[in-house]
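Derivation of every value follows stated rules applied to the coordinates shown; laboratory data play no part. Because the structure is a prediction, the values reported are computed rather than measured. Note: ideal-geometry Cβ built from the backbone for every residue, glycine included; neighbour counts use all protein chains shown.
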Amino acid sequence: MNRGISLYGTSVGKKVVMGLSGLLLFGFTVGHMLGNLKAFQGRPWDGVSPHALDLYGEALRNFGYPFLPHYGLLWIARIGLLLAVGVHIVAAFQLWRQSRRARPVAYRKNDSLVFSYASRTMRWGGVIILAFIVFHLLHMTTGQAHPEFEYGAVYRNLVIGFQSPLVAGFYLVAVGALCLHLYHGLWSVIGTLGIENPRIERVRRPVAGALSIGLFIGYAVVPIAVLTNFLTLP
Amino acid sequence: MKLKLHVWRQAGPSTRGGFETHEVVDVSPDMSFLDMLDLVNERITVNGGEPIAFEHDCREGICGSCGMMVNGIPHGPDRLITACQLHMRSFSDGDELWVEPWRAAAFPVMKDLVVDRSSLDRIIEAGGYISVRTGSAPDANALLIPKPEADRAFDAAACIGCGACVAACPNASAMLFTAAKAAHLSYLPQGQPERLQRAVDMVALHDEEGFGNCTNHGACQVACPKGISVEYIARLNRDLVRGVLTGVGME
Amino acid sequence: MELDAKIPSGELERKWTNHQFEMKLVNPANKRKYRVIVVGTGLAGGAAAATMGELGYDVHCFTFHDSPRRAHSIAAQGGINAAKNYQGDGDSIHRLFYDTVKGGDFRSREANVYRLAELSVNIIDQAVAQGVPLAREYGGLLANRSFGGAQVSRTFYARGQTGQQLLLGCYQALERQIAAGTVKMYNRHEMLDVIIVDGRARGIVTRHLVSGKIESHMADAVVLGTGGYSNAFFLSTNAKGCNVTAAWRAHRRGAGFANPCFTQIHPTCIPQSGEYQSKLTLMSESLRNDGRIWVPKLAGDNRPPAQIPDSERDYYLERLYPSFGNLSPRDIASRRAKEMVDLGHGVGPLRNGVYLDFRDAIARLGKDGVSERYGNLFQMYAKITGEDPYSTPMRIYPAPHYTMGGLWVDYDLMTTVPGLFAIGEVNFSDHGANRLGASALMQGLADGYFIIPKTIGSYLASAPRAVSSAAEAAATDTVRHVEAYQKRLLEVRGSRSVDSFHIELGRLLWNHCGMARNEAGLKEALRKIPELRDEFWNNVRVPGSGADLNQSLEKAGRVADFLEFAETMCWDALTRDESCGAHYREEHTTEEGEAKRDDENFAHGAVWEFRGVGETPVRHVEPLEFENISLSQRSYK
Ligand SMILES: Cc1cc2nc3c(=O)[nH]c(=O)nc-3n(C[C@H](O)[C@H](O)[C@H](O)COP(=O)(O)OP(=O)(O)OC[C@H]3O[C@@H](n4cnc5c(N)ncnc54)[C@H](O)[C@@H]3O)c2cc1C
Ligand code: HEM
Ligand code: HEM
Ligand code: SF4
Ligand code: F3S
Ligand code: FES
């Protein structure tokens, strides 16, 4: 424990914590994306309620029952995610402060030499993602930000939610920001965790690119399908 | 050639600075960038002004003294060179150049383009060495070092301590410098006994000196006149984590 | 001035060992009570400070650089010699000793050189243990190469950055002692005077280059490792900051200056490209292993090199020295190049170079083979000149590079001022009239790691401690003197920049006391230098004040010293009425045009005593005896 704290005390330690929490969050986003794709199952919707997506949501809520209570896994996951987002943000903030202090006077003229533009978007990209998550929870999970939220009707909430081009647009931007974040993050995390392997080194960049683009597509198809009336209500 | 030069002028560590503009005529493309500054200084001096202070010594890219931002790029637009190796043929007639000092809290400006980089010395002081007594060394060939390892160590050892990595880094981090020094020693058998302790101590001092953290931007590698690779940073990260988690350097 | 070299008696091979045994020692518990000042953090000073700190002395170390790692030693490229005989090609301590004495044209002290050869072996061990990444073979053993003027492979190297890697090893050792608190480091402090108390060196006066503060620092002994004075010529391969100030100010306080006219000109540098140029760049001598040197036979030939057929090229080194060819020693290669240029065969836009051609090497080894060996040098050349040496021959020309002359020291490396020591390039000790390639690094490190830490103990153990009241008075006096001198510089307020004087002095020295010297030229220089000095003191413009970072002021002090020193250098060249090594008097040549020594009259070191600015200095001599090597005419035919 003490050692963990001293590790966190260094800039590298904070980065390691970000990397690990980021990886966890990445794992969630992949799973969530795959879950979202269930929206396409059984299309066109035969009107039989509940939709596959609803059942999937239901299943998640009841996973492990009766060994776990209803919502058991969900809450475990939620707490895990919350913690991950929490430390990820706190560490990001602390590191941001450290580097801001490290350069109190900016250059008059600055030509960025970074490997990829994505690395420069991590911080404000993160803020967009955070704002999105808050909105998204109010939108799809608790419903306050949803025009016609109906508890448990996941598919219906989703289609109605994305019928507003503005909302769908925001989702697309946010998912774009997330994937840019991951494009740098997945590449970067290898270095942060000190993985030194020439074979990984060679595929590091393309794999980060493929994963983040794949993720973007996987997410983006859902709002796009609604906007283009591919996914509809009965 | 004719140039428009905007140079940062600052009288001392605690005074405010600003840009001063010079129209420089009769610049030869064969001049080095520092020859050009000499020329400007000669003219300033003869006209009764105070010449621009800038650091330099070897003028051949090895001592690491020179260093300035030229149009927002450490050591100027060409790759793998220092400012003293930059030649005016890299610019065109009529160009406008902005010349600024390295900017980092850990590199306070002393005057004009001169900054204080002693923070880098202190990082070495924290552990960037092998503890060996003079005169107690075994025969040099008693230790075999495979060429690939020796080469890796060498690539890291090529660092000249110029600080361009810090200047280029959006976070003003000195991790490339720190990692290069640590890697130089950690690739060698002689460097093993103190390896983890070294990583822990050097990183701790790096942070203490007020450098930023590394978020793997990679700008340092691009700016580094010796082409030091950011892969060394990964190596240092690992040594640091291992060092802290195994309890080395906790006392 | 008394010149007692204090060479230990006994057989050559036993001298150093015996001497170490006979020296007085300082009790380990007392070492901390002795303060030693080291000025300079090059290989010599850095090694000395680190080692003495480790031994327990209270070391205070000074450099005008912003970091110890920037000392000029960092720039050495080629390598460092050591008689390890790892290649089994017949090398030995004795052979290195012999080569060095012969290479120095018999103007060095046998005992010192032998000790150097002996210690060379330990240097490599020390460096490797510190983590210096010297070149390796695939089997993991250390690699060697042969270097100008040697017929065995004894040069250790670290790509083209031998000096940097060795200095970093030394700097790291120094930083380790700084961390341990045994060495206190003073960066950006320029030493401007030595404090003498009752005839002994007891401290120095420094100026802090950022705050401008002038202050005294007291100690029990002072060690100078302040490097060479090639920058007297303005254009040289040395770093811009190299200067004679520390040595000269010590000289003014009574330290004899030996053989100032022994200055080495390096044959392979990039020729000057214009008036504005501030610095000449050395191209490693190793290039001469595969490059062929030539000029067009026809003076003033304007054709591009590729259009000049072989029959119209003069490969003059191969022609004149069939057995050594392009690898002849530095002084010879340099002189022949100058001769060719003087005769109008020079090449390049300013006709100030000769070709170093890799056409045949590329044909033999392929472009890749050549790039494997010299890639980084070719790149460096291309960056500076904008020309591609793979397709057009390099242009090279000699340039001032190293100074064998320096403060006179005895076997213990002490100058004529008790308590004042000189190590590394700043002393005159080991290279005679000409230094062999890869031997300066060796000397600096031998002095710093292995010699001074021992000999200083012997001095400290026997010297009386300074009386504090006398010391205080001397310190105040010396500080005042330095302040007044600085004030004078600032108050001239003339119209010419410091650099313009330096450039003029450099040209004068290069023309009259450069690669070839003659009586008339030297006399002219001796007439012109005082004139230039007067003009300097009447018309120099040093902008700004002494109270902050003022690079013009720093330069002004150094140029003022060069202007005094240059005169002594010319006196030395004039009075050494022979040719030897790098000192080439046109009046004394063999029939083949080589340097002709006069052993009967000049087998000695000439040591100058300061008598005042503008006063003729006094010449003393230290006779040299050769008991182990017989004097012979150098021949590289
Ligand atoms: C381009 C080049 C290449 C070379 N290549 C080789 C080679 O391959 N092999 C070889 O053996 N030799 C080589 N040499 C020669 C060799 O590098 C030097 O002779 C040697 O490094 C000198 O070391 P040093 O410690 O005596 O002095 P330096 O390294 O010159 O150090 C002088 C130190 O003194 C300090 N100093 C000076 N004056 C003052 C003052 N007034 N106050 C405070 N501090 C002061 C400086 O700051 C510096 O720290 C080369 C030289 C040059 C120029
Ligand atoms: C909640 C808002 C978020 C903020 C403010 C944020 C911020 C940051 C910041 C500043 C970095 C540092 C950049 C770097 O070190 O290279 C980072 C790295 C990273 N982030 Fe995020 N992030 C957020 C959300 C996410 C999410 C949701 C994921 C995953 C789906 C994620 C995955 C990562 C990864 C993998 C890294 C790389 C860590 C490393 O280089 O070691 N982040 N994040
Ligand atoms: C277009 C893309 C997205 C769609 C269509 C979508 C859809 C949904 C839906 C329908 C729910 C509610 C599930 C339920 O209540 O059973 C949900 C929950 C959630 N989504 Fe998304 N989502 C998208 C993108 C994202 C992204 C990019 C993130 C994170 C970075 C994210 C994080 C979450 C979280 C944390 C929950 C709450 C899970 C819970 O605790 O119940 N979503 N999403
Ligand atoms: S790592 Fe590169 S940029 Fe940084 S100090 Fe070393 S040489 Fe300069
Ligand atoms: S640019 Fe900066 S963020 Fe790291 S990779 Fe280089 S130190
Ligand atoms: S002056 Fe030495 S690196 Fe530029």
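Some points to look at:
- Degrees separating the helix C:93-103 axis from the principal Cα axis of chain C, which is the longest one: 70 degrees
- Estimated FRET transfer efficiency (A:L68, C:Y138; beta-carbon r; R0 45 Å; 0.05): 0.15
- Alpha-carbon centroids, the stretch A:78-133 and the stretch C:291-305: separation in whole Å: 62 Å
- Computed from the C-beta positions of A:V207 and B:S136, the FRET efficiency with R₀ = 60 Å rounds to 0.80.
- Length added when fully stretched, C:A461-C:D577, from 0.36 nm per residue minus Cα-Cα: 37.6 nm
- Per-residue ³J(HN,Hα) for the stretch A:132-140, Karplus 6.51 cos²θ - 1.76 cosθ + 1.60, θ = phi - 60°, Hz, x for Gly and Pro: 4, 4, 4, 4, 4, 5, 5, 7, 9
- The stretch C:180-246 and the stretch C:419-457: distance between their alpha carbon centers, rounded to Å: 17 Å
- Packing-based ranking, highest mean first, of C:537-545, C:623-631, C:352-360 given that Cβ atoms within 10 Å are counted: C:352-360, C:537-545, C:623-631
- Between the alpha-carbon centres of the stretch B:81-105 and the stretch C:578-606 there is a gap of 48 Å.
- Overall form of the stretch C:394-485 per C-alpha gyration tensor (a/c, 1.5; a/b vs b/c): oblate
- Per-residue HN-Hα couplings for the stretch C:625-630 [Karplus 6.51, -1.76, 1.60; θ = phi - 60°; Hz; x = Gly/Pro]: 10, 10, 9, 10, 10, 8
- Helix-only [θ]222 nm of chain C, DSSP H runs n ≥ 4, -39500 (n - 2.57) each, per residue, nearest 500: -12000 deg cm²/dmol
- Computed from label points 7 Å out along Cα-Cβ, the spacing between C:D310 and A:E148 is 9.4 nm.
- Degrees between helix C:452-462 axis and first principal axis of chain C (Cα, 0 to 90, nearest 10): 30 degrees
- By average C-beta atoms within 10 angstrom, highest first, the peptides B:157-167, B:11-21: B:157-167, B:11-21
- Proximal lysines relative to B:K181, as straight alpha-carbon distance under 20 Å, when same-chain residues fewer than 8 apart are discounted: B:K147, B:K226
- The H on the amide N of C:Q264, modeled in the peptide plane, is under 5 Å from the matching H of C:H401, C:Y402, C:T403, C:M404, each at least 5 residues off or on a different chain.
- Basic side chains Lys and Arg get +1 at the Cβ, acidic Asp and Glu get -1 at the Cβ, and with that the dipole of the stretch C:502-577 about its Cα centre reaches some 180 debye.
- Peptides C:595-603, A:8-16 ranked from most to least packed by the mean count of surrounding Cβ atoms within 10 Å: A:8-16, C:595-603.
- For peptide C:383-391, the mean count of partner chain Cβ atoms within 10 Å of a residue's Cβ comes to 3.
- The stretch A:217-234 residues near the modelled A:F40 label - backbone nitrogen below 15 Å, point 7 Å along Cα→Cβ: A:217-232
- Residues of the stretch C:97-115 falling in the label zone of C:L631, defined by backbone nitrogen less than 14 Å from a point 7 Å along Cα to beta-carbon, are C:102, C:105-110.
- A:F28-B:D95 FRET efficiency (beta carbon distance; Förster radius 41 Å; 0.05 resolution): 0.20
- For the stretch C:166-244, applying the loop criterion from DSSP together with a ceiling of 16 other beta carbons within 10 Å to the trypsin sites (Lys or Arg not before Pro) yields C:K213.
- Residues whose amide H lies under 5 Å from that of C:V59, counting only those 5 or more places away or on a different chain, are C:V36, C:K184; hydrogens are built 1.01 Å from N in the peptide plane.
- With a cut-off of 10 Å between beta carbons, the residues surrounding C:G348 carry a summed charge of +1, where Lys and Arg count +1 and Asp and Glu -1.
- With Cα atoms, 0 to 90° folded angle of helix C:468-491 axis to chain C main axis: 50 degrees
- With an a/c value of 1.5 or above and a/b larger than b/c for the gyration tensor axes a ≥ b ≥ c computed over the alpha-carbon atoms, the protein assembly as shown is described as prolate.
- Per-residue mean of foreign Cβ neighbours for C:276-288 is 4 (Cβ atoms of other chains, 10 Å radius).
- Fraction of antiparallel bridges per DSSP, the protein assembly as shown only, in percent to nearest 5: 70 percent
- Estimated vicinal HN-Hα couplings, Hz - the stretch B:124-134 in sequence order (Karplus 6.51, -1.76, 1.60; Gly, Pro = x): 5, 4, 5, x, x, 8, 10, 7, 9, 7, 5
- The amide H of C:I293, built 1.01 Å from its N in the peptide plane, has C:D357 as neighbours under 5 Å, considering only residues 5 or more places off or on other chains.
- Other protein chain Cβ atoms within 10 Å, averaged over every residue that makes up B:200-212: 4
- Judged by the ratio a/c of the largest to the smallest principal axis of the C-alpha gyration tensor, the stretch C:369-527 counts as oblate, that ratio being 1.5 or greater while a/b is no larger than b/c.
- Count Lys and Arg as plus one, Asp and Glu as minus one, and take only other residues whose Cβ is under 9 Å from that of B:M31; the net charge is then -2.
- Local charge for C:G457 was computed over the other residues whose Cβ lies under 14 Å away, with Lys and Arg +1 and Asp and Glu -1, and equals +1.
- Of A:Y171, A:Y183, A:Y107, the residue with the greatest mean-square motion in the GNM of chain A, using alpha carbon springs below 10 Å, is A:Y107.
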